Ligand SMILES: [Zn+2]
């Protein structure tokens, strides 16, 4: 059994302009590190393109069309001050969502033990009717709902260790009983959501806000005392990870001080929880991470732990 890696050339065609942190070079750095022969056992899959039936699991059709028709024929279009589309951005976003949904299909069908989706644009800030925070469509949220709709999974969980709170995922999951969202994030920080007393309609939201300039100890304590016990009680039949690596101490967009070993530790904890409740079914998808060197080494560490789990 195997770990799959989902990739697509369209991800490099999504351009955000000079000085934008969410840039194609992020994926080039990841592809370079994952080309090392220690990753030869990864099964590399070209991501399919998501169709409307997937996107509309979480976004109104009007919003899907609004985003896709915003794509410029040349140059850049800003959907908000941070969120940019170039020619090719819509196709990249559709293949990003397609990757995470296909990875869910693979781990549920038994074609893979687990999977990492090296995608961009990211997704966890995208709300039902609002693209924001570099995100166009909420790929992980869509894939979690896809697991329920297409595969009869009763309970799907998303754990988000990106340094930013996934406001989009929280809002989309809030009143859906079979979906769980747990997040560690710097707080207060962009996007401003993620308070500890947010619970969701079914106690299905668990936030663990972390103060700026804290690091490994606070992160691991938050996982151990808040996120993992609630995840255990939820008994997920599949776990998805919103795998952002911008909580790394070198990241320029935030001020947490995690190191590669923290991402390895968190991965191991989530693999153990997937083994306990979900037959090992785990799908991880890239969100943030903006220091190219730290991103590459962190992703490598994360993927090594996923491969070790198989
Ligand atoms: Zn982030």
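Bear in mind these aren't lab numbers, they're just calculated from the coordinates by the rules spelled out. Source: prediction; values computed, not measured.
Per the Cα gyration tensor, segment 203-275 maps to an equivalent ellipsoid with semi-axes of 22, 13, 11 Å, ordered largest to smallest. Computed over the chain with a Gaussian network model linking Cα atoms closer than 10 Å, the most mobile of 240, 136, 258 is 258. The eigenvalues of the Cα gyration tensor, multiplied by 5 and square-rooted, give the chain an equivalent ellipsoid with semi-axes of 24, 21, 21 Å from largest to smallest. According to the Kirkwood relation over distinct C-alpha pairs, the hydrodynamic radius of segment 1-53 is 13.0 Å.
Could you give the Stokes-Einstein D for segment 90-134 in µm² per second, using the C-alpha Kirkwood radius, 20 °C, 1.002 mPa s? The Stokes-Einstein estimate is 186 µm²/s.
Compared with the alpha-carbon gap, the fully stretched path from residue 77 to residue 225 is longer by 49.0 nm at 0.36 nm per residue. Reported to the nearest whole Å, the Cα centre-to-centre distance from segment 133-202 to segment 291-310 is 22.
Segment 210-244 and segment 1-71 have their alpha-carbon centroids 25 Å apart.
The slack in the chain from residue 149 to residue 35, taken as 0.36 nm per residue of separation less the alpha-carbon distance, amounts to 37.6 nm. Kirkwood hydrodynamic radius of segment 186-310, from the reciprocal of the average inverse Cα-Cα distance over all distinct pairs: 15.0 Å. Using just its DSSP H runs of length 4 or more, each adding -39500 (n - 2.57), the chain gives a mean residue ellipticity at 222 nm of -11500 deg cm²/dmol after division by all residues. Note on segment 1-121: the C-alpha convex hull projects to 8.0 nm² when averaged across all orientations.
Would you mind classifying segment 44-113 by shape? Square roots of the alpha carbon gyration tensor eigenvalues, ordered a ≥ b ≥ c; an a/c under 1.5 is rounded, otherwise it is prolate if a/b is larger than b/c and oblate if not. In terms of gyration-tensor shape, prolate.
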